[in-house]
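Before any comments, here is the structure.
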Amino acid sequence: MKLTNKVAVVTGGNSGIGFGIAEALKNEGAKGAITGRNQATLDSALKELGDGFIGIKGDVTNLDDLENMFKTTDERFGKIDTLVVNAGGIVDGQPMAGINEVTEDNYDLYMDLNLKSTYFSVKKALPFLNDGASIILIGSTAAHRAAPGMTIYAAAKAAVVSLAKGLSLDLLSRRIRVNTLSPGSIDTPVFGKIVPEEQLASVKQLWVNQIPIGRMGSPVDMGKAAAFLASDDSAFIVGTELISDGGMTNIS
Ligand code: NDP
């Protein structure tokens, strides 16, 4: 157990990658909080996680909600050792789109959810973090591989990689490490939100065909990578990007 009694917060820990990460941190001995807006999925995730975790409802694009997430965790468990800034991805009711369809609102909403909320998650957490904490920002291989209709999301995630580098310098005096974990295609509920049910299996097969290792990633894969970045095993890894994508980014 590499995180015994460490306090963790995983934003968006009620679904997909965030839940896989919360489970992995818990398996290494951590306790703490998962966050999300949806109370029903928070409740069912907490039921699966069992004792040691609480759910905190909040929207990561709201700065007061962010502050409340970290303050509540500190009040319940003490200062935070691991912050996983995972909430993000698709904006509700706003499909990703190409340049002809994107409006100013759509642009702002994607940047707010995937970039601004990442920066302010770190800023709002700072008073509640232990010195020597590990911060893991969830990026995406979309930052490295262009895909139709994903330009703004991809640009936001590329900027997240840059945030980890800059924030590492900002936080050096407190020995807080900031790294990005960039997933490739990971099998999570997000795909059910963007692909019609009847096409899901064939679309997933098309993705698998592009992944050298021959399968999509899982939330468990992401959990293991995040647990490594959270633990002292990665003590000398600062401001870098760990890509976990089955080799997908390496092929043209
Ligand atoms: P899911 O849709 O399963 O999870 C998204 C999570 O973010 C949910 O917990 C959701 O909770 C939370 N969330 C979304 N918007 C907000 C908001 N405004 N405020 C608070 N919480 C919010 O997706 P994934 O697990 O696939 O994605 C997780 C992260 O991984 C995202 O950052 C995504 O960009 C990234 N990623 C995913 C990849 C994949 O292939 N799946 C690939 C690369 C990166 P709730 O709805 O309750 O608010």
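Yes or no, residue by residue, for (1) more than 19 Å from Ala227 (Cα to Cα); (2) at pLDDT below 95; (3) of a type in the set (Gly, Ala, Ser):
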{"site": "Asn27", "(1), (2), (3)": "no, no, no"}
{"site": "Lys31", "(1), (2), (3)": "no, no, no"}
{"site": "Gly36", "(1), (2), (3)": "yes, no, yes"}
{"site": "Leu42", "(1), (2), (3)": "yes, no, no"}
{"site": "Gly50", "(1), (2), (3)": "no, yes, yes"}
{"site": "Asn62", "(1), (2), (3)": "yes, no, no"}
{"site": "Asn68", "(1), (2), (3)": "yes, no, no"}
{"site": "Asp81", "(1), (2), (3)": "no, no, no"}
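When Gly16, Gly88, Gly98, Gly52 are checked against the criterion of being more than 8 Å from the ligand (Cβ to nearest atom) and at positive phi, a single residue qualifies: Gly52.
Would you confirm, using the coordinates I've provided, whether Val178 is touching a strand residue (DSSP E or B) at 6+ places or on another chain (Cβ under 6 Å) and assigned to a loop (DSSP other than H, G, I, E, B)? Walk me through it before giving the result.
Numbers: touching a strand residue (DSSP E or B) at 6+ places or on another chain (Cβ under 6 Å): yes; assigned to a loop (DSSP other than H, G, I, E, B): no.
The answer is no for Val178.
Scan the range 102-113 and tell me whether some residue there is at pLDDT below 95 and over 18 Å from the mean Cα position of the chain (by Cα). No; the residues of the range 102-113 include none that is at pLDDT below 95 and over 18 Å from the mean Cα position of the chain (by Cα). Look at the range 173-198: where a residue is in contact (Cβ under 8 Å) with a residue 24 or more places away in the chain and a partner is part of a loop (DSSP other than H, G, I, E, B) and exposed (fewer than 12 other Cβ atoms within 10 Å of the Cβ), sitting 6+ places away or on another chain with Cβ atoms under 8 Å, you get Arg177/Ala235; Ile194/Pro95. Does the range 194-201 contain at least one residue that is closer than 24 Å to Arg145 by Cα and buried (at least 16 other Cβ atoms within 10 Å of the Cβ)? No, because not a single residue in the range 194-201 is closer than 24 Å to Arg145 by Cα and buried (at least 16 other Cβ atoms within 10 Å of the Cβ). The set of residues in the range 16-67 that are among the aromatic types (Phe, Trp, Tyr) and either assigned to a strand (DSSP E or B) or free of Cβ contacts under 8 Å to residues at least 12 places away in the same chain (or both) contains only Phe53. Of all the residues in the range 162-186, those that are crowded, with 21+ Cβ neighbours inside 10 Å and out of contact with any helix residue (DSSP H, G or I) (no Cβ under 7 Å at 6 or more places or on another chain) number 2.
Take the conditions (1) closer than 24 Å to Thr249 by Cβ; (2) touching a residue at least 12 places away in the same chain (Cβ under 8 Å); (3) part of a helix (DSSP H, G or I); Leu109 misses just one of them, which is (1).
Taking the range 71-103 as the region of interest, how many residues are without any contact (Cβ under 8 Å) to a residue 12 or more places away in the chain and either crowded, with 21+ Cβ neighbours inside 10 Å or in contact with a strand residue (DSSP E or B) (Cβ under 6 Å, 6 or more places away or on another chain) (or both)?
The initial filter retains those residues of the range 71-103 that are without any contact (Cβ under 8 Å) to a residue 12 or more places away in the chain, namely 75, 92-93, 100-101, 103.
Narrowing further to those that are either crowded, with 21+ Cβ neighbours inside 10 Å or in contact with a strand residue (DSSP E or B) (Cβ under 6 Å, 6 or more places away or on another chain) (or both): none.
Residues flagged as without any contact (Cβ under 8 Å) to a residue 12 or more places away in the chain and either crowded, with 21+ Cβ neighbours inside 10 Å or in contact with a strand residue (DSSP E or B) (Cβ under 6 Å, 6 or more places away or on another chain) (or both) within the range 71-103 amount to 0.
Please indicate, with yes or no, whether at least one residue in the range 188-195 is in contact with a strand residue (DSSP E or B) (Cβ under 7 Å, 6 or more places away or on another chain), within 11 Å of the ligand (Cβ to nearest atom) and part of a loop (DSSP other than H, G, I, E, B). No, the range 188-195 contains no residue that is in contact with a strand residue (DSSP E or B) (Cβ under 7 Å, 6 or more places away or on another chain), within 11 Å of the ligand (Cβ to nearest atom) and part of a loop (DSSP other than H, G, I, E, B).
Criterion applied to Gly132, Gly93 was being among the small types (Gly, Ala, Ser), on the phi > 0 side of the Ramachandran plot and more than 15 Å from the ligand (Cβ to nearest atom), and the one residue passing it is Gly132. Within the range 135-154, is there a residue that is more than 17 Å from Pro183 (Cα to Cα), in contact with a strand residue (DSSP E or B) (Cβ under 6 Å, 6 or more places away or on another chain), within 11 Å of the ligand (Cβ to nearest atom) and not in a loop (DSSP other than H, G, I, E, B)? Within the range 135-154 (the criterion being more than 17 Å from Pro183 (Cα to Cα), in contact with a strand residue (DSSP E or B) (Cβ under 6 Å, 6 or more places away or on another chain), within 11 Å of the ligand (Cβ to nearest atom) and not in a loop (DSSP other than H, G, I, E, B)), the answer is no, since none of the residues qualifies. Scanning the range 26-39 for residues that are touching a helix residue (DSSP H, G or I) at 6+ places or on another chain (Cβ under 6 Å) and within 15 Å of the ligand (Cβ to nearest atom) turns up Ala33, Ile34, Thr35, Gly36. I'd like to know if the range 31-52 contains one or more residues that are buried (at least 23 other Cβ atoms within 10 Å of the Cβ) and either out of contact with any strand residue (DSSP E or B) (no Cβ under 8 Å at 6 or more places or on another chain) or within 20 Å of Gly132 (Cα to Cα) (or both). Checked the range 31-52: at least one residue is buried (at least 23 other Cβ atoms within 10 Å of the Cβ) and either out of contact with any strand residue (DSSP E or B) (no Cβ under 8 Å at 6 or more places or on another chain) or within 20 Å of Gly132 (Cα to Cα) (or both).
The values are calculated or read from the model by the stated rules, or taken from the named source; none is laboratory data. All figures in this text were calculated on a predicted structure; none of them were measured in a lab. Using ideal geometry, Cβ is built from the backbone for each residue, glycine included, and neighbour counts are taken over all protein chains shown.
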